[in-house]
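Report on the following structure.
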Amino acid sequence: MTYKPIESPQSQIRTEPINDATPYPPVAAYDELTEEERIEYEKGILTWSKVKNWRFWIRKEWIWYYVLFVLLVVVVALMAFFHHSVSPNGNVFMNVE
């Protein structure tokens, strides 16, 4: 069985724009790029060569985020290890015999 799209009759096809809308003009900024800028623009923000480099992931500006992440991991690890030794009545260590 083959699929054939249904075509609209010519009487139902609109040729004029709806609400007298004009199409958007092409972006002039793209035409003003130099060849090097156009190559970088077409490659995009992230490329595999950038992502594979360690300098992409470790940056001096992000040092506070790294410190916060390490502190968060330490707090979660301590809570996971010592969650049985904190008692509900306020004593830090319970005497379990």
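The values are calculated or read from the model by the stated rules, or taken from the named source; none is laboratory data. Remember, it's a predicted structure, so these values are computed and weren't measured experimentally. Ideal geometry is used to build each Cβ from the backbone, glycine not excepted, and the neighbour counts take in all protein chains shown. Ligands, DNA and RNA are stripped out before the accessible areas are found, and what is left, the full protein with its side chains, is counted by its heavy atoms. Shrake-Rupley method; radii C 1.70, N 1.55, O 1.52, S 1.80 Å.
Taking Lys and Arg as +1 and Asp and Glu as -1, the other residues whose beta-carbon sits under 15 Å from that of Tyr66 total +2. Nonpolar atom fraction for the range 27-80, defined as the carbon and sulfur part of the 1.4 Å probe accessible area, stands at 71 percent.
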